[in-house]
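Here the structure is laid out as structure tokens; the discussion comes afterwards.
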Amino acid sequence: MYPRAFEYVAPPSLDEAIKAMSQQGAKVLAGGMSLITFMKLRLVSPDLVVDIGRISGLDHIEEKGANLVIGALARHHQVANSAAVAKHAAALATAAAWTGDVQVRNRGTTCGSVAHADLAADQPGAVLALNATLVAKSANGTREITAADFFVDALTTALNPDEILTEIRIPVANAKEGSGYEKLGRRGGHTDYAVAGAAAWVRRDNGHIADCRVALTGVSTKPTLALATMTAFRETDGSDKAVAAAAARAAEGVTIIEDLYGSVEYKRHLATVLAKRALLKAVGASR
């Protein structure tokens with residue numbers, strides 16, 4: 001199927017792209033892995049497509065002060081292979097490496113995946129577990145949105161129609177922090193969208209778990225924090241026994257949905273299994 005007719009612009013600068021986005025019915029195009037597919041299916045029919053793919057300086061991945069900053073055009077493969085991401089946000093590096101196939105990873109962007117907010121995508125859950133801040137820009141100025149407030153529902157975020165997600169900011173990790181990501185793909189491994197996935201981040205202090213975050217993907221309508229697991233794991237010794245006990249509560253308070261890839265009961269089970277594996281990774285990295 002072909003998309004409906006639309007206007008197309010490729011602004012040479014971010015300022016011009018932001019100005020173009022103020023037009024009603026505009027959609028931003030970065031890698032196009034999600035938008036083009038939806039346009040062909042006529043699930044989305046923008047009047048104007050604003051292509052930011054030719055704007056220089058938006059593909060950065062760098063440490064700035066207390067944050068690891070990932071730009072709007074940083075591709076999945078860049079994030080997956082970045083030494084800085086591996087050091088400070090290992091869960092995101094793994095999630096990016098397990099996103100799509102080689103062609104998708106070479107073209108698609110991490111910011112694009114996060115802004116698209118597919119309920120079965122890998123990177124939004126990692127961003128949530130890592131307590132990222134999302135930076136959105138429009139003609140009205142710049143907004144910083146916490147990951148906890150960013151994901152609203154399936155394919156729905158806190159971005160306004162005229163805003164462009166320009167950066168993801170993740171707090172840099174110290175030697176006592178670690179993160180990890182685990183998933184079950186629809187074809188049984190790490191490829192394709194997640195039937196279920198879990199990202200975990202922990203911080204140790206004097207041998208105990210001072211803080212942690214666990215985010216689930218694929219099991220609900222949006223990336224969701226496993227709050228019961230987080231509460232149960234804090235202030236424990238971080239042992240395998242403590243991990244298992246906390247992970248067993250991963251689905252508590254989470255609205256689990258049934259789809260073609262699993263029943264509610266099956267996805268609830270996967271949430272506990274994958275939360276345990278992600279926590280073990282995170283704890284191991286924090287040591």
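The values are calculated or read from the model by the stated rules, or taken from the named source; none is laboratory data. Predicted, not measured: the structure shown is a model, and the values here were computed from it. Ideal geometry is used to build each Cβ from the backbone, glycine not excepted, and the neighbour counts take in all protein chains shown.
Quick look at the numbers
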quantity: Residues (in a helix (DSSP H, G or I) and surrounded by fewer than 16 Cβ atoms within 10 Å (Cβ to Cβ)) located in the range 235-262; calculated: ASP240, LYS241, ALA244, ALA245
quantity: Single condition VAL50 does not satisfy, out of (1) surrounded by fewer than 20 Cβ atoms within 10 Å (Cβ to Cβ); (2) of a type outside the set (Gly, Ala, Ser); (3) not in a helix (DSSP H, G or I); calculated: (1)
quantity: Filter pass, ALA232 being assigned to a helix (DSSP H, G or I) and in the same structural domain as CYS212 (by TED's automatic domain parsing); calculated: yes
quantity: Qualifying positions in the range 65-80 - touching a residue at least 60 places away in the same chain (Cβ under 8 Å) and over 19 Å from the mean Cα position of the chain (by Cα); calculated: ALA66
quantity: Neighbours by Cβ (under 7 Å, 6+ apart or cross-chain): first from the range 208-234, in contact (Cβ under 8 Å) with a residue 40 or more places away in the chain; second charged (D, E, K, R) and assigned to a strand (DSSP E or B); calculated: THR221/ASP153; LYS222/ASP153; LEU225/ARG213
quantity: Odd one out for GLU265, checked against (1) farther than 20 Å from HIS88 by Cα; (2) buried (at least 16 other Cβ atoms within 10 Å of the Cβ); calculated: (2)
quantity: Selection count where residues are free of Cβ contacts under 8 Å to residues at least 24 places away in the same chain, under 17 Å from THR166 (Cα atoms) and not in a strand (DSSP E or B), scope the range 1-34; calculated: 2
quantity: Matching residues, the range 191-218, being closer than 12 Å to ASP122 by Cα and surrounded by 24 or more Cβ atoms within 10 Å (Cβ to Cβ); calculated: ALA194, ALA196, GLY197, ALA198, ALA199, ALA215, LEU216, THR217, GLY218
quantity: Scan of the range 70-92 for residues that are surrounded by fewer than 23 Cβ atoms within 10 Å (Cβ to Cβ) and assigned to a helix (DSSP H, G or I), ordered by number; calculated: HIS77, GLN78, ALA80, ASN81, ALA83, ALA84, ALA86, LYS87, HIS88
quantity: Filter result for the condition that a residue is over 30 Å from ILE55 (Cα atoms), touching a residue at least 40 places away in the same chain (Cβ under 8 Å) and charged (D, E, K, R), over LYS183, LYS137; calculated: LYS183
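Quick grid of which residues meet (1) without any contact (Cβ under 8 Å) to a residue 60 or more places away in the chain; (2) over 16 Å from the mean Cα position of the chain (by Cα); (3) surrounded by fewer than 21 Cβ atoms within 10 Å (Cβ to Cβ); (4) not assigned by TED's automatic domain parsing to the domain that holds ARG186:
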{"position": "THR94", "(1), (2), (3), (4)": "no, no, no, yes"}
{"position": "ASP101", "(1), (2), (3), (4)": "no, yes, yes, yes"}
{"position": "CYS111", "(1), (2), (3), (4)": "no, no, no, yes"}
{"position": "THR142", "(1), (2), (3), (4)": "yes, yes, yes, yes"}
{"position": "THR157", "(1), (2), (3), (4)": "yes, no, no, yes"}
